[in-house]
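Data block below; observations after.
The values are calculated or read from the model by the stated rules, or taken from the named source; none is laboratory data. Bear in mind that the values here come from a model prediction, so they are computed numbers and not experimental data. Quick reminder, even Gly has a Cβ in these numbers, built from the backbone with ideal geometry, and neighbours come from all protein chains shown. SASA here: full protein model, heavy atoms, side chains in, ligands and nucleic acids out. Shrake-Rupley method; radii C 1.70, N 1.55, O 1.52, S 1.80 Å.
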Amino acid sequence: MDLFESQTKMNREPLASRMRPRTLDEFAGQEHIVGKGRLLRRSIQADQLTSLIFYGPPGTGKTTLARVIAGTTKSNFISLNAVLCGVKDIRAAIDEAKNSFDLYDRKTILFVDEVHRWNKAQQDALLPWVENGTFILIGATTENPYFEVNSALVSRSRIFQLKALDDSALMSIAAHALKNRARGYGKWTITYEDGALEHLVKIASGDARTLLNALQLAVETTADDFPPPEGETIHINMKTAEESIQQKAVLYDKEGDYHFDTISAFIKSIRGSDPDAALYWMAKMIRAGEDPKFIIRRMIISASEDIGLADPNALTVVTSAAAAYDRIGMPEGAFPMTEAALYLATAPKSNSAMAYFDALKSVVSEENHEVPNHLKDPSRDKHSFGHGEDYNYPHAYRDHWIAQAYLPEELKGRFFYKPSASGYEATIQEEVVRRREAQMAVMIENNHDEVLTYSPGDKARDKWVKRVTSGQGQLLQDIRDRLFNKLQIQRHETVLIGEEKSGLFLWEAFRKAPEGLVCGLIPDAREFALTEHYAQTLPENERPYIYNRDILSFNPDDYEGSKGILFDCLTARDIIRTDRDCNAIFKAMLEKLNNRGRFALAEQNPSCGTKLSSFLEEEIDASSMEELLKIEEHLYNSSGYSRKDEIITTMSHLPIINVQIEDIPISDKRTILPEQMERWLNRDSEKSYGYAILKELGERKYTEIKEKLFSTLSGKTVEWEKSYLFFYGVKE
């Protein structure tokens, strides 16, 4: 092949193919499996691979990673595509692998792209040769291997899940393509209108192949004659970028403006609750020869778009009219059509179904988001990827509902559905909002992580790191309800929520005092942003005031909305904690209350909860247990974990009357992580549990207790007792 033939071939080969990474250093994204120090990277570099299956969406680098391995390994490399090959090709590959080993003492790696396309018999043909080591299998699939690949192959392979590439990885790939002179467009100066390259990256949705194909189309169709002379500038504007990565909408015109204008007037008359105008425009269309089925279809749409849950019966009325028309036809069919039009025009209105398009916009314009791990189907791979773990079955809870996150992690605080105050929807509005707030609280205070690799035979190493949160949402609601029941907030009162964490208290106060004033202090910037985002769904004049301040730094007079205000009620959760000046907190609270102002606080009391010694009652001798209990008592007292007496004493010296104190035990499940155990038993931190044991009991006892605690607790889910202190009082 001469130079000109090589150039011609390059011009024919798609950019996505030319720009495939050839080394691990060129490979972009997938840091969780090929980042420095990761197992797969070490295995590739050491040429010590076992059978692998790469699983992930298109354009994430599965085939590319296999080619990188081919370029790195000293083993014989055979590549097959399951779409094009069958058992005959497998036999040929087996013969080649046997000859390579017998004649040259070389291992063989067999790469099978789209391995899920082979049927069971074809996949079974691989099994004995993988088993006896004739070759090492690398399979690539866009389908879940636990559904589409034989379980026998899966059990003998290490599964690596590749994720959709993030924007930074895609930008890196695009930049490399634009600068590379040999395989990309580095011979020319490629410039972009602001936002054009970002648009390609966003719409590519994590798919490198889609991005590079769009990039090629944009560059090569912009130049008058490609390739242009070396050094020439090619400028890509936004219009070209949009045309390169998505199809333009095709407009449909049946009978011209008259057709569309009249049906538009009809639907707008229904939406505007004008039955007379609706009948006029419908009659005009029927008289002009419009297909009645077209009018009925538009009424079905309107029943959902314009009425929706304000009157769920509207959709039933229109679909019944459609069925009646199909049976009787015209002219009598005008009667059920008229009934449907009148019903729609006079029904209460809600366009809450438009929430679908807000959701669709999020799907189209943003990167792909993972299904939360606890919502995934656990039927095949629960024990490897942990799919379905931590899902709370709503029917097992009170009112057949439990607060848990259903949206992806990246969409925390995003709300698409806004229930109206019309008709039936008004009856469900408050319940929808209350449940949404409880779910938001759980999303802020908990997370679900997902393991991305699975190694057969070594599940302990790849154990899913998780937090069991089945009772968290209910716990938060119970604490809130107990505090608000004590306060008995009136509709007109002023309420301060001190150092809110999830919005759960703020929105309940907002409901309790609709004619008063509610202020919320949210010190954490991220939680403040989420709560403020939620507040944007309310009319501006009805929103509570939200400030990014803590109780000590907040001065009502610094803000127009709360200037000159002394509050009737104040409530907060875990505002004192273990590290704050109790006296300063109470004084700051009382300064913000008016005379006879009420407060209700909930504080977690770790000193009365579960202690690590309770898990060692049958593991260590009585004298060691006695010493351990003394250490724990001293540790909790000196670390601020036991503050009940201090709080009571502080309250007794301040102008507070009608003091009530309740100590309420609460039990929930808790998974003890190895990292948490290491922090607790750290021998170098003077405030740690481990340091206290080492100091009081010595090296031998410390080592013994640490080993027993790790074997008993690490990675285990246990019942963990908590204690909450509830304080109520009135400013004198």
Across (1) open to solvent by 10 Å² or more (accessible area, probe 1.4 Å); (2) hydrophobic (A, V, I, L, M, F, W, C); (3) out of contact with any Pro (no Cβ under 7 Å at 6 or more places or on another chain), residue 602 clears everything bar (1)
Would a scan of region 2-23 turn up a residue that is modelled with pLDDT under 80, over 18 Å from residue 162 (Cβ atoms) and β-branched (Val, Ile, Thr)?
yes
The lone condition residue 150 fails out of (1) within 29 Å of the chain's Cα centre (by Cα); (2) without any contact (Cβ under 8 Å) to a residue 40 or more places away in the chain; (3) open to solvent by less than 40 Å² (accessible area, probe 1.4 Å) is (1)
Name the single residue that is most open to solvent (accessible area, probe 1.4 Å) among those in region 202-229 being hydroxyl-bearing (Ser, Thr, Tyr) and under 17 Å from residue 58 (Cβ atoms).
210
Residue under evaluation residue 296, criteria (1) surrounded by fewer than 20 Cβ atoms within 10 Å (Cβ to Cβ); (2) within 20 Å of residue 268 (Cα to Cα), criterion not met
(1)
Checked 530, 504 against criteria (in contact (Cβ under 8 Å) with a residue 60 or more places away in the chain and surrounded by 23 or more Cβ atoms within 10 Å (Cβ to Cβ)); the one match is 504
Scanning region 86-132 residue by residue, those free of Cβ contacts under 8 Å to residues at least 24 places away in the same chain and open to solvent by less than 70 Å² (accessible area, probe 1.4 Å) turn out to be 89, 92, 128
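Okay, residues lined up against (1) crowded, with 18+ Cβ neighbours inside 10 Å; (2) without any contact (Cβ under 8 Å) to a residue 12 or more places away in the chain:
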{"position": "623", "(1), (2)": "no, yes"}
{"position": "634", "(1), (2)": "no, no"}
{"position": "644", "(1), (2)": "no, no"}
{"position": "672", "(1), (2)": "yes, no"}
Within region 28-48, track down each residue that is in contact (Cβ under 8 Å) with a residue 40 or more places away in the chain and either closer than 21 Å to residue 208 by Cβ or of a type outside the set (A, V, I, L, M) (or both).
28, 29, 30, 32, 33, 40
Check region 59-71 and report whether any residue there is open to solvent by 50 Å² or more (accessible area, probe 1.4 Å), in a loop (DSSP other than H, G, I, E, B) and among the charged types (D, E, K, R).
no
Out of contact with any Ser or Thr (no Cβ under 9 Å at 6 or more places or on another chain), charged (D, E, K, R) and outside any helix (DSSP H, G or I), is that true of residue 627?
no
Of residues in region 230-269 being of a type outside the set (Gly, Ala, Ser), open to solvent by less than 30 Å² (accessible area, probe 1.4 Å) and more than 36 Å from the chain's Cα centre (by Cα), the one modelled with the lowest pLDDT:
259
